[in-house]
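What follows draws every value from the coordinates through simple rules; no lab data is involved. None of the values given here were measured: they were computed from a predicted structure. Glycine gets a Cβ as well: all are built from the backbone with ideal geometry, and neighbour counts include every protein chain shown.
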Amino acid sequence: MTRIIRDIATLQSLVRGWQMQGQGVGVVPTMGALHDGHLSLARLARANEDRVIVTIFVNPTQFNDPGDLAKYPRTEQADAALLETVPVDVIFAPPPDQVYPPGFTSRVHVGGVSDPLEGAMRPGHFDGVATVVTKLFGMTRADRAYFGEKDWQQLQVVRRLVADLNLPVQIVGCDTVRETDGLAMSSRNARLSDAARAVAPVLYREMTRAAGAIAVGGDPGDALMAATDALHAAGFDQVEYLAVRDAASLGDPVPGQPRRLLAAAWLDGVRLIDNIPL
Ligand code: PAF
């Protein structure tokens with residue numbers, strides 16, 4: 001039976017009890033509106049851990065657009081029903097004033113990896129993520145935390161944060177879960193019209209095509225230009241970025257180091273992001 005906890009002290013005394021018995025604790029941080037991608041993280045945590053906590057908190061400090069925060073779906077009952085199927089031990093769903101009580105002034109900034117791509121398009125976004133993730137680690141005191149590769153840059157920001165600040169948590173990255181047509185699962189997909197939903201998989205298709213061309217020695221600039229043209233032709237309004245980067249730092253590729261192809265593009269008023277290895 002999944003227990004819903006809303007206050008930090010109750011959560012911490014429960015976790016302390018588990019850890020005193022030598023049980024391993026995993027946390028899956030989420031903002032709710034759960035889909036199969038989140039559930040795959042929870043299932044992996046369930047398989048690895050004695051105890052699993054899923055946090056549900058729509059974090060206001062990571063939204064640079066107040067309209068986006070207002071529109072963000074809040075579906076706690078449906079989320080709880082889905083998590084029962086895993087099952088998880090605890091849903092930690094604190095109210096905003098537990099997380100940001102009056103007088104709260106701190107902010108965590110992870111230099112470098114936070115700056116390009118999503119960081120450039122959404123100023124302050126990763127400071128909000130790094131701050132809330134640091135707090136969620138402190139609140140849950142989990143041994144391991146599970147993050148999806150769908151938000152690749154976020155995963156690298158969190159890895160850098162944990163390494164730089166010696167946070168006592170191990171980060172586990174999990175594969176992106178895709179619909180059968182290739183579209184990466186995201187809470188935002190529900191906002192696509194039927195017509196746009198039919199076009200959306202073109203993003204992954206064109207990224208895969210560009211990655212294939214680059215892998216066999218094609219010029220990256222040409223491959224990315226062809227993919228951008230194909231996205232526009234398919235009906236995407238704007239390609240914010242389509243870039244090959246160093247997989248860990250998100251800076252320019254470094255010879256001999258893993259690379260990643262990352263994209264953000266608008267379709268039907270919805271911003272889609274995706275990434276694949278190169
Ligand atoms: O990936 C998300 O849903 C959020 O950015 C996270 C990690 C839960 C922090 O609010």
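Miscellaneous remarks
- Globularity index of region 195-266, i.e. its alpha-carbon radius of gyration over 2.2 N^0.38 Å: 1.12
- Here the contact order of the chain, divided by its residue count and restricted to Cα pairs under 8 Å and six or more residues apart, works out to 17 percent.
- Size of electric dipole in the chain: Cβ of Lys, Arg +1 and of Asp, Glu -1, about Cα centre, debye, nearest 20: 700
- Residue ranges 35-46, 251-262 sort as 35-46, 251-262 when ordered by packing (mean number of other C-beta atoms within 10 Å per residue, highest first).
- The calculated 222 nm mean residue ellipticity attributable to helices in the chain amounts to -12000 deg cm²/dmol, summing -39500 (n - 2.57) over DSSP H runs of n ≥ 4 and dividing by all residues.
- Once you reduce region 198-272 and region 182-196 to the center of their Cα atoms, the two points are 18 Å from each other.
- Alpha carbon convex hull of the chain, volume per residue in cubic angstrom: 137
- Relative contact order, percent, region 1-153 [alpha-carbon distance under 8 Å, six or more residues apart]: 37
- With kT/(6 pi eta Rh) evaluated at 4 °C and eta = 1.567 mPa s, and Rh the Kirkwood radius from Cα pairs, region 69-108 diffuses with a coefficient of 102 µm²/s according to Stokes-Einstein.
- Cα shape, region 1-60, gyration tensor, a/c 1.5 rule: oblate
- Sequence of GLU206, GLU84, GLU179, GLU118 once ranked by neighbouring C-beta atoms within 10 Å, starting from the fewest: GLU84, GLU179, GLU118, GLU206
- Charges were assigned to the Cβ only: +1 to each Lys and Arg, -1 to each Asp and Glu. The resulting dipole of region 1-112 about its Cα centre is roughly 180 debye.
- Mean separation of Cα contacts under 8 Å (6+ apart) over length of region 79-173, as relative contact order %: 25
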